[in-house]
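Just below is one structure, and these are the notes that go with it.
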Amino acid sequence: MSTQARRERERAERERAIIAAARELAESEGWDAVTTRRLAAEIEYSQPVLYSHFKGKDAIMAAVAVEGCGDLAVELAAARAAATDPRHAVAGIATAYAAFAERRPALYDAIFTLPVDLSFASQDTPVELARAFAELAETLRPFAGDDDLETFTETFWSGLHGLVTLMRNGRLRREEHERRLALLVDRFAPPGTSTS
């Protein structure tokens with residue numbers, strides 16, 4: 001292996017270690033605990049090494065968000081693939097999305113709530129973000145009818161995000177969570193709707 005290839009591999013490994021440490025720290029203690037000083041101590045690199053990879057905490061959060069969105073896309077794809085029909089696929093992705101937000105709150109916040117320098121719905125959107133949105137869109141495609149698929153998907157996604165966020169913040173009754181998800185699915189993929 002050439003010296004250049006070894007350096008690039010080591011750099012990529014350091015970057016993965018920084019992202020992994022930030023994810024772990026955020027999940028266990030919240031994003032306020034994630035500082036460059038704390039990360040440097042956690043992974044035993046100096047702060048200048050961290051800054052040679054990321055401009056600061058916001059850039060680290062953005063990298064975590066991109067990686068997390070890739071994880072979300074995988075979970076949405078699995079839910080869609082496991083469904084027996086298009087309507088069950090919509091229910092499956094709604095449940096998978098809500099479960100992801102519940103199970104990984106700090107990661108969900110980095111992707112969808114905290115201010116990070118990521119471009120959504122543009123040419124510069126990272127592939128992981130586009131893949132997660134595409135999973136939603138492809139699942140909803142049979143129900144969009146004459147509506148613009150992107151707008152239809154954005155509206156469904158907004159409903160999911162609102163339900164998840166309001167429940168997590170204690171503004172909605174937790175015991176009604178599954179019923180609210182079912183109502184949302186019924187509005188976007190009504191029972192008995194022909195998808196042919």
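The values are calculated or read from the model by the stated rules, or taken from the named source; none is laboratory data. Computed from a predicted model, the values in this text were never measured in an experiment. Cβ placement follows ideal geometry from the backbone for every residue including glycine, while neighbour counts extend to all protein chains displayed. Remember, those area values only see protein heavy atoms, side chains included, never the ligands or the DNA or RNA. Shrake-Rupley method; radii C 1.70, N 1.55, O 1.52, S 1.80 Å.
Could you identify the single residue in L183, L166, L140 that is in contact with a helix residue (DSSP H, G or I) (Cβ under 8 Å, 6 or more places away or on another chain) and either in a helix (DSSP H, G or I) or under 20 Å from F100 (Cα atoms) (or both)?
On the way: L183 fails: in contact with a helix residue (DSSP H, G or I) (Cβ under 8 Å, 6 or more places away or on another chain); L166 fails: in contact with a helix residue (DSSP H, G or I) (Cβ under 8 Å, 6 or more places away or on another chain).
Only one candidate passes the filter, namely L140.
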Checking L118, L107, L160, L129 in turn, the sole residue that is of a type outside the set (G, A, S), open to solvent by less than 40 Å² (accessible area, probe 1.4 Å) and over 30 Å from G56 (Cα atoms) turns out to be L160
Does F100 count as under 24 Å from A17 (Cα atoms), free of Cβ contacts under 8 Å to residues at least 40 places away in the same chain and of a type outside the set (S, T, N, Q)? yes
By residue number, the members of region 169-180 that are open to solvent by 50 Å² or more (accessible area, probe 1.4 Å) and assigned to a helix (DSSP H, G or I) are R174, E175, E176, E178, R179
Of (1) in contact with an Asp or Glu (Cβ under 9 Å, 6 or more places away or on another chain); (2) aromatic (F, W, Y); (3) under 16 Å from L184 (Cα atoms), F133 fails just (3)
Residue pairs qualifying under the 7 Å Cβ cut-off, at least six apart or on distinct chains, with the first in region 171-184 being in the same structural domain as A98 (by TED's automatic domain parsing) and basic (K, R) and the second being surrounded by 10 or more Cβ atoms within 10 Å (Cβ to Cβ) and assigned to a helix (DSSP H, G or I), are R174/M167; R180/L163
All-but-one check, A83 against (1) touching a Gly at 6+ places or on another chain (Cβ under 8 Å); (2) modelled with pLDDT under 95, failing number (2)
How many residues of region 1-37 are assigned to a helix (DSSP H, G or I), open to solvent by 40 Å² or more (accessible area, probe 1.4 Å) and closer than 20 Å to P115 by Cβ? The answer is 3
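Tally time: how many residues in region 74-95 are open to solvent by 40 Å² or more (accessible area, probe 1.4 Å) and part of a helix (DSSP H, G or I)? If you could, list the steps in order and put the result at the bottom.
Of the residues in region 74-95, the ones open to solvent by 40 Å² or more (accessible area, probe 1.4 Å) are 74-75, 78, 80-82, 84-88, 95.
From the residues that got through so far, the ones that are part of a helix (DSSP H, G or I) too are 74-75, 78, 80-82, 86-88, 95.
Of the residues in region 74-95, 10 are open to solvent by 40 Å² or more (accessible area, probe 1.4 Å) and part of a helix (DSSP H, G or I).
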The one condition L149 fails out of (1) open to solvent by 10 Å² or more (accessible area, probe 1.4 Å); (2) in contact with a Pro (Cβ under 8 Å, 6 or more places away or on another chain); (3) at pLDDT 95 or above is (2)
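More than 27 Å from L25 (Cα to Cα) and either without any contact (Cβ under 8 Å) to a residue 24 or more places away in the chain or surrounded by 15 or more Cβ atoms within 10 Å (Cβ to Cβ) (or both), is that true of A65? Before you say what the answer is, go through the steps one by one.
Values: more than 27 Å from L25 (Cα to Cα): no; either without any contact (Cβ under 8 Å) to a residue 24 or more places away in the chain or surrounded by 15 or more Cβ atoms within 10 Å (Cβ to Cβ) (or both): yes.
Against the criterion (more than 27 Å from L25 (Cα to Cα) and either without any contact (Cβ under 8 Å) to a residue 24 or more places away in the chain or surrounded by 15 or more Cβ atoms within 10 Å (Cβ to Cβ) (or both)), A65 does not qualify.
To keep it simple, each residue is scored yes or no on (1) in contact with a His (Cβ under 7 Å, 6 or more places away or on another chain); (2) hydroxyl-bearing (S, T, Y); (3) surrounded by fewer than 20 Cβ atoms within 10 Å (Cβ to Cβ); (4) not in a helix (DSSP H, G or I).
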residue: L50; (1), (2), (3), (4): no, no, no, no
residue: D58; (1), (2), (3), (4): no, no, yes, no
residue: C69; (1), (2), (3), (4): no, no, no, no
residue: L72; (1), (2), (3), (4): no, no, no, no
residue: Y97; (1), (2), (3), (4): no, yes, no, no
